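Worksheet: the structure to be examined is printed underneath.
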Amino acid sequence: MDENKKVEIEETKRATGLKEKIKLRKENIFPLCYLVVMALFSLVMISTGWNFFPLVAIVFAIATSVILLFTVLKKNKMPLLLWIAYLVLVGSTLFFHLVHGAESFGKRLWWNLVLSALPLALAILIKFIKIKGKKEKIATSICVALMAGTSLVYFFFMNLRVTPTVDRLWKGQEDYLKSLNPDKADENSPNVLFILMDDLAYADLSCYSYMKDGKATINTPNIDSIAENGIYMENFYASAPVCSPSRFTALTGRYATRGYLDNVVFPTVVDGPTFSPTHFLNPYQFLNNVDGILGDEITIAEALDALGYSTSCIGKWNLGDYGEYLPTNQGFDYFYGSYYVNDMTPYDWVEEVDGKSTPVRSHKDNLDQSDSTRVFTDKVNEQINKAVEKNEKFFTYYATPWPHHPIFSNDNGNGQGDISDDTYIQCIEEFDKGVGEIIQNLKDKGVYEDTLIIFTSDNGPGREGVSGSLRGRKNTTFEGGMKVPMLASYPKGDLGDGDAIADSQFPITDYEGNILRYANTKKIESSAMLQDLFPTILNYVMGDDYLLPMDRIIDGVSLKTLFSALKPADFRVHDILYYMKKGKVQGIQMAVDTTSGKADFKYYDNVHTENSAFIDQFYKNYLFNLDTDPAEGYNIAKANPEIARLMKEHLDKVRAEIKGNRRGIKD
């Protein structure tokens, strides 16, 4: 072979080698970039500690294993950089939970090792497959497919209980509770029974009935009797159009956005007898890993516990299901009921003392809930009786699951399993009978006169129920979604005894609608909200020198002077009320001077329609005079541009204040 031929061959080899190197480099560009991006993502996940990142990481891991599978099947080789990216994603997810998990280190280590061991082991096994030819391709493909499958298992069964990353207020909570002791309670402080309904509509009680002078659709003589010689409020509001945020506010006196609790809390359990298919929803609706009512919030139960009260919660919690979120870690000595809503999976019942819960009824047991009112009524009376026997003041929070869907009752008395009366009407009337038993028990124990009873609901109606002429329903910030009944009594506490509000009469009927008697009450027109219950209860318990926390904003104000009828019925206790949904202020209510005097106006700058026929529409610059148009039927913004402009300014100011100090921390 001549010299020229040799040179030509060498040059061809070099060119071919160079092409192969260039081709190899091009092939490596995507895997290298992908690995770098996944590594950076993993660093962000671990450094921020946000609990929605691990779910994203495992989705990337599944996608990576699918890419690997296609590559093996098509090119018969395993891309090293993509393989490393898979290991980084699964390994960093394991590390994330070890660093940021909210449960004990041993539990989160064991749980995540079980879930991650198989995908990691399969990935490592690939590098030890030494079979040649077609069998190697088959074995590798099977391993990669199993990597995808086991990663999917990790996704569905991942425990997302992660430590919150919010500004904590532990010191202020500790200082406040230390400032309270039994000596701070008024000498004649009342027992407190707080009854909170679930999805009860504004006009569902007979004393609020939209039927006016006709027979009420639902007769509630025992609940109505709370207002007898007491008060009922015409314009009382839930603080949110769904349950969890409203319950947060009722217990803390603060808008729920201050606790990052903007929507309904879902179950987090993945390792119980009943799997929760919604356990990964909380990370995508709550910021900063919040899974319920934060432990450093100050609840009315904690305050009354520090003041020497026996505290209990019966029924529905829906403010978290582990750790700091549990009822007995929020000031309650005792809890009996469910952490969840009665249409959730799981819906099981527990009995909880000192942060330790014992199962009492399983999800399967609760497929028939017809004896719920019977059981919860007995538990309420049991806790009241225990406190009375010990000569202790009590705070009992009765959070019934009714009338939330699905509806059950047992009015016919035929025992669990009878469904002939499982209607909305029967459910509420049965609950009313239970309230009658509780009131009678208070009288039998000689403590009725000494008990402050407060009755209301967490939001407007869901599938059933009547809000009279009010616009909207649950999950809307229109009046029908947030305006709720409010009754209160305290025979020995001068509640309703003042003469600044005239007496009103209303009929108390039996369950057939026959009038039993006419009751006196004080009808209060002033607008108030659930956050007002915290300071109101403290005011009754501690007297007019009651103490509020100093380190945080309490949005509520005491209603005691209104309840006592010492102020006019339309006395305004709030300059502005916020209508909030999912952490956003959608609208405000405020009193504005007009040529005919002060009037309560409500304003939205941009609110989603409640009308399914126009589901894609938003209402802009909507103004209502609630004094003349409580049904929000007529937008008067164009006729009153100055009022609309004024309220828009206040709405923007409120939003800016909350954005700048979401937790409501005082300087």
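The values are calculated or read from the model by the stated rules, or taken from the named source; none is laboratory data. These figures come from a predicted structure and were not determined experimentally. Cβ: placed from backbone, ideal geometry, glycine included. Neighbour counts: every protein chain shown. With ligands, DNA and RNA removed, areas are computed over all heavy atoms of the protein, side chains included. Shrake-Rupley method; radii C 1.70, N 1.55, O 1.52, S 1.80 Å.
Would you point out the residue of region 188-216, among those that are among the hydroxyl-bearing types (Ser, Thr, Tyr) and open to solvent by 10 Å² or more (accessible area, probe 1.4 Å), that is farthest from residue 631 (Cα to Cα)? The extreme case among them is 206. The set of residues in region 174-232 that are within 21 Å of residue 314 (Cβ to Cβ) and either free of Cβ contacts under 8 Å to residues at least 60 places away in the same chain or of a type in the set (Gly, Ala, Ser) (or both) contains only 225.
Sub-6 Å Cβ pairs linking a first residue in region 480-499 that is in contact (Cβ under 8 Å) with a residue 60 or more places away in the chain to a second residue that is part of a helix (DSSP H, G or I), at least 6 apart or interchain, are 485/208; 487/226; 487/227; 488/563; 489/226; 495/563, ordered by first then second residue. The set of residues from region 422-471 being under 16 Å from residue 314 (Cβ atoms), assigned to a strand (DSSP E or B) and among the hydrophobic types (A, V, I, L, M, F, W, C) comprises 453, 454, 455. Filtering region 273-330 to residues that are within 17 Å of residue 249 (Cβ to Cβ) and among the β-branched types (Val, Ile, Thr) leaves 290, 293, 298, 299, 300. With respect to the conditions (1) in contact (Cβ under 8 Å) with a residue 60 or more places away in the chain; (2) part of a helix (DSSP H, G or I); (3) of a type in the set (A, V, I, L, M), residue 85 falls short on a single one, namely (1). Check region 640-657 and report whether any residue there is in contact with a Phe, Trp or Tyr (Cβ under 7 Å, 6 or more places away or on another chain), closer than 24 Å to residue 231 by Cα and either without any contact (Cβ under 8 Å) to a residue 40 or more places away in the chain or open to solvent by less than 20 Å² (accessible area, probe 1.4 Å) (or both). Checking region 640-657: not a single residue is in contact with a Phe, Trp or Tyr (Cβ under 7 Å, 6 or more places away or on another chain), closer than 24 Å to residue 231 by Cα and either without any contact (Cβ under 8 Å) to a residue 40 or more places away in the chain or open to solvent by less than 20 Å² (accessible area, probe 1.4 Å) (or both).
Evaluate the following for residue 407: is it open to solvent by less than 30 Å² (accessible area, probe 1.4 Å), within 23 Å of residue 340 (Cα to Cα) and outside any helix (DSSP H, G or I)? Taking the combined requirement at face value, the residue satisfies it. The condition of being within 27 Å of residue 265 (Cα to Cα) and not in a loop (DSSP other than H, G, I, E, B) holds for only one of 577, 562, that being 577.
Reported count of residues in region 44-62, each being small (Gly, Ala, Ser) and either open to solvent by 40 Å² or more (accessible area, probe 1.4 Å) or not in a helix (DSSP H, G or I) (or both), is 2.
A single member of 532, 544, 499 is charged (D, E, K, R), outside any strand (DSSP E or B) and open to solvent by less than 30 Å² (accessible area, probe 1.4 Å), and it is 532. The helices (runs of 4 or more DSSP H) found entirely in region 240-339 that carry 2 or more residues being among the small types (Gly, Ala, Ser) and in contact (Cβ under 8 Å) with a residue 60 or more places away in the chain are 243-252, 300-306.
Of the residues in region 224-236, not one is more than 30 Å from residue 520 (Cβ to Cβ), touching a helix residue (DSSP H, G or I) at 6+ places or on another chain (Cβ under 8 Å) and not aliphatic (A, V, I, L, M).
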